[in-house]
Amino acid sequence: MGTRSHISVEFPDKTYKTIYCHWDGYPSHNGVVLHNHYGDFERAKSLVEMGDMSFLDITLEKSTFYHRDRQEDLNVTAHTNWDELQDFLDGNYHYVFDYEKKLWLCDAGEGYETIPDAVKTDEE
């Protein structure tokens, strides 16, 4: 069974786009990969524009996406505001790229924290 997660990116107009990731959603994998390899808005935006995915890797080319790699429908969910985004979520973990702060945040069920803090909590 996969460790499910959702990956969202905040846009300058305070809207969000979200994708689903099936495998390795815990902070010590997806969190670290997002923080270390998708740490700016353009990379984060490029990631979510690829749609739902099976596995997140250090590059888009190495990652596995349902649309590109399995010819499934492209699925990117748009949210008009933060509350709508929160109502949508399920799964074990949620990652959101904060446009103003220019960093990834993680919610592992106890509120949002930075990736380094989430990894510490995940490893305890």
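From the residues in the range 51-73 that are in a strand (DSSP E or B) and either without any contact (Cβ under 8 Å) to a residue 24 or more places away in the chain or β-branched (V, I, T) (or both), which one is surrounded by the fewest Cβ atoms within 10 Å (Cβ to Cβ)? Walk me through how you get there before you give the answer.
Residues of the range 51-73 that are in a strand (DSSP E or B), as a first pass: 53-55, 64-65.
Subsequent filtering for residues that are either without any contact (Cβ under 8 Å) to a residue 24 or more places away in the chain or β-branched (V, I, T) (or both) retains 64-65.
Details: T64: 15, F65: 21.
Going through the qualifying residues, I end up with T64.
I'd like the full set of residues that are in a loop (DSSP other than H, G, I, E, B) and either touching a helix residue (DSSP H, G or I) at 6+ places or on another chain (Cβ under 7 Å) or of a type in the set (V, I, T) (or both), limited to the range 76-101.
Answer for the range 76-101, where residues must be in a loop (DSSP other than H, G, I, E, B) and either touching a helix residue (DSSP H, G or I) at 6+ places or on another chain (Cβ under 7 Å) or of a type in the set (V, I, T) (or both): V76, T80, Y99.
Counting only residues that are surrounded by 15 or more Cβ atoms within 10 Å (Cβ to Cβ) and either in contact with a Pro (Cβ under 6 Å, 6 or more places away or on another chain) or not hydroxyl-bearing (S, T, Y) (or both), how many does the range 74-87 have?
The number of residues fulfilling the criteria is 3.
So which pairs qualify, if the first residue must be in the range 96-124 and of a type in the set (S, T, N, Q), the second must be modelled with pLDDT under 95, the Cβ gap must be under 7 Å, and the two must be at least 6 apart or on different chains?
From the range 96-124, the pairs are T121/A108.
Which residues, counting only those in the range 20-32, are touching a residue at least 40 places away in the same chain (Cβ under 8 Å), assigned to a loop (DSSP other than H, G, I, E, B) and either out of contact with any Lys or Arg (no Cβ under 6 Å at 6 or more places or on another chain) or surrounded by fewer than 21 Cβ atoms within 10 Å (Cβ to Cβ) (or both)?
Result: Y26, single match.
Applying the selection to the range 90-108, what residues are farther than 22 Å from G39 by Cα and not charged (D, E, K, R)? Walk me through how you get there before you give the answer.
The first filter runs over the range 90-108 and keeps only residues farther than 22 Å from G39 by Cα, leaving 90-91.
Within the range 90-108, G91 is the sole residue that qualifies.
Please identify the pairs in which a residue from the range 33-50 that is over 17 Å from C21 (Cα atoms) has its Cβ atom under 8 Å from the Cβ atom of a residue that is among the aromatic types (F, W, Y) and modelled with pLDDT of 95 or more, counting only partners at least 6 apart or on another chain.
Hits for this filter: G39/W104; F41/F97; F41/Y99.
Report yes if T3 is touching a Ser or Thr at 6+ places or on another chain (Cβ under 8 Å) and of a type in the set (S, T, N, Q), otherwise no.
Answer is no for this residue.
Please work out which residue is surrounded by the fewest Cβ atoms within 10 Å (Cβ to Cβ), limiting yourself to the range 102-124 and to residues that are of a type in the set (A, V, I, L, M, F, W, C) and not in a loop (DSSP other than H, G, I, E, B).
Among them, the one singled out is L103.
The values are calculated or read from the model by the stated rules, or taken from the named source; none is laboratory data. Remember, it's a predicted structure, so these values are computed and weren't measured experimentally. Every residue, glycine among them, receives a Cβ derived from its backbone with ideal geometry; neighbour counts consider all protein chains shown.
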